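Q: I am attaching a structure below and will ask some questions about it afterwards.
The values are calculated or read from the model by the stated rules, or taken from the named source; none is laboratory data. The structure displayed is predicted, hence computed values, not measured ones. Positions of Cβ are generated from backbone atoms using ideal geometry, with glycine treated the same way; all protein chains shown enter the neighbour counts. Just the protein is used for accessible areas: all its heavy atoms, side chains included, with ligands, DNA and RNA removed. Shrake-Rupley method; radii C 1.70, N 1.55, O 1.52, S 1.80 Å.
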Amino acid sequence: MTEKAAGEETFISHLIELRDRLVKSSIGIAIICIGLFIWPGPSEIYDFIARPMIAALPVGSKMIATGVIAPFLVPMKVTLVISFILALPWVFYQLWAFIAPGLYTHEKRLVMPLVISSSVLFMAGVAFCYFFVFGRVFSFISNFAPTSIAVTPDIENYLDFVMSMCLAFGATFEVPVVVVILVRMGMVSVAKLKEIRPYVIVGAFIIAAIVTPPDVVSQLALALPMCLLFELGLLVAPVFVRATQPPEEPA
C-alpha cells in the first residue's frame with residue numbers, strides 16, 4: 001500500500017469514527033428529549049423558562065404568540081435545547097473520546113476532568129443566568145418602560161433572547177477550561193497570562209457590553225464572573241500541567 005493510499009484510509013477511518021461519535025451524541029440527546037416529552041412535558045418546561053419574565057410583569061399579565069403554530073413549536077424548541085444542555089456530559093465525552101486516540105497515556109488523564117469541568121461550568125453559567133441575571137434584567141426593563149406601553153413579550157422573541165443569553169453565560173463560564181488547554185498545549189504560559197491580566201479584564205467588560213442588555217447589572221453579572229473564572233484558570237492550570245506531564249525516563 002502506498003503512502004498516499006494509507007493516508008486516505010486513515011482519513012476515512014477518522015471520518016467514520018467522527019460519524020459514530022456524532023450518532024452516539026445524537027442518540028443521547030434524543031433519549032433525554034423523549035424523557036422530557038414524557039415528563040414534565042414541553043408546556044411545563046416553557047412555563048418554567050418563562051417564570052422570570054412573568055414575575056417581572058404586572059400581576060395577571062401573560063406573554064403572547066403572534067405565530068399561528070408558535071404555541072406548539074416554541075415549547076418543542078425549548079425542550080430540545082434543554083435536552084442538549086442536560087446531555088452535555090455525554091456530548092463532551094464523545095468529543096474527547098474522538099480526540100483521545102491521538103493523545104499519550106499521560107495526556108489522557110486530562111480527558112475526564114475536562115469533560116466533567118466543561119459540563120459543570122456550562123450548566124453553572126446557564127443556571128447563574130436564569131436564577132440571578134434574568135430576574136434583575138426583566139425587572140429593570142419593566143420598571144424602565146413608560147406607563148403608556150403595555151409590556152407583552154412575544155414567546156418566540158423571548159425564547160431567542162433567553163437562549164442567546166444562556167449560551168453567552170454558558171460559554172463564558174468555560175474560561176477556566178480554555179486557560180487550562182492553552183497552557184497545557186504550550187500556546188501560552190501562566191506567567192504571560194498574568195502579565196496580560198489587565199487586557200483580559202477590559203476584554204471581559206467589552207464582551208459583557210456586547211452580549212448583554214444595556215444595563216449595568218447584567219453587564220457586571222457577566223464580566224465579574226469572567227474575571228474570577230480567569231483567575232481560577234490561572235490557579236488550576238499548573239496543577240493540570242503537572243498531572244499530565246510525561247513520566248521521567250530512568251537515567
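Q: What number of residues within the stretch 182-208 are open to solvent by 50 Å² or more (accessible area, probe 1.4 Å) and closer than 19 Å to residue 125 by Cα?
A: 4
Q: If you don't mind, another one. Determine if the stretch 141-148 includes at least one residue that is in a helix (DSSP H, G or I) and either closer than 15 Å to residue 219 by Cα or within 16 Å of the chain's Cα centre (by Cα) (or both).
A: Restricting attention to the stretch 141-148, the residues satisfying the condition of being in a helix (DSSP H, G or I) are 141-144.
Restricting the remaining residues to those that are either closer than 15 Å to residue 219 by Cα or within 16 Å of the chain's Cα centre (by Cα) (or both) gives 141.
For the stretch 141-148, residues in a helix (DSSP H, G or I) and either closer than 15 Å to residue 219 by Cα or within 16 Å of the chain's Cα centre (by Cα) (or both): present.
Q: Scan the stretch 18-63 for residues that are part of a helix (DSSP H, G or I), of a type in the set (S, T, N, Q) and over 22 Å from the mean Cα position of the chain (by Cα) and report the count.
A: Final tally of qualifying residues: 1.
Q: If the requirement is being more than 22 Å from residue 119 (Cβ to Cβ) and open to solvent by less than 20 Å² (accessible area, probe 1.4 Å), which of these qualifies: 74, 78?
A: Result: 74 is the single residue among 74, 78 that is more than 22 Å from residue 119 (Cβ to Cβ) and open to solvent by less than 20 Å² (accessible area, probe 1.4 Å).
Q: Continuing with this model, one more query. Quick test of your reading of the structure: residue 141 fulfils all but one of (1) within 30 Å of residue 240 (Cβ to Cβ); (2) surrounded by fewer than 18 Cβ atoms within 10 Å (Cβ to Cβ); (3) among the aliphatic types (A, V, I, L, M). Name the failing condition by number.
A: Only one criterion is unmet by residue 141, namely (1).
Q: Do any residues in the stretch 18-31 that are surrounded by 13 or more Cβ atoms within 10 Å (Cβ to Cβ) have Cβ atoms under 7 Å from those of residues that are not in a helix (DSSP H, G or I), where the two are at least six apart or on different chains, and which pairs are they?
A: Within 7 Å, the pairs are 28/87; 29/87.
Q: I've got another one for you. State which residue is least open to solvent (accessible area, probe 1.4 Å) when the search covers only the stretch 144-164 and only residues that are among the hydroxyl-bearing types (Ser, Thr, Tyr) and without any contact (Cβ under 8 Å) to a residue 40 or more places away in the chain.
A: 148
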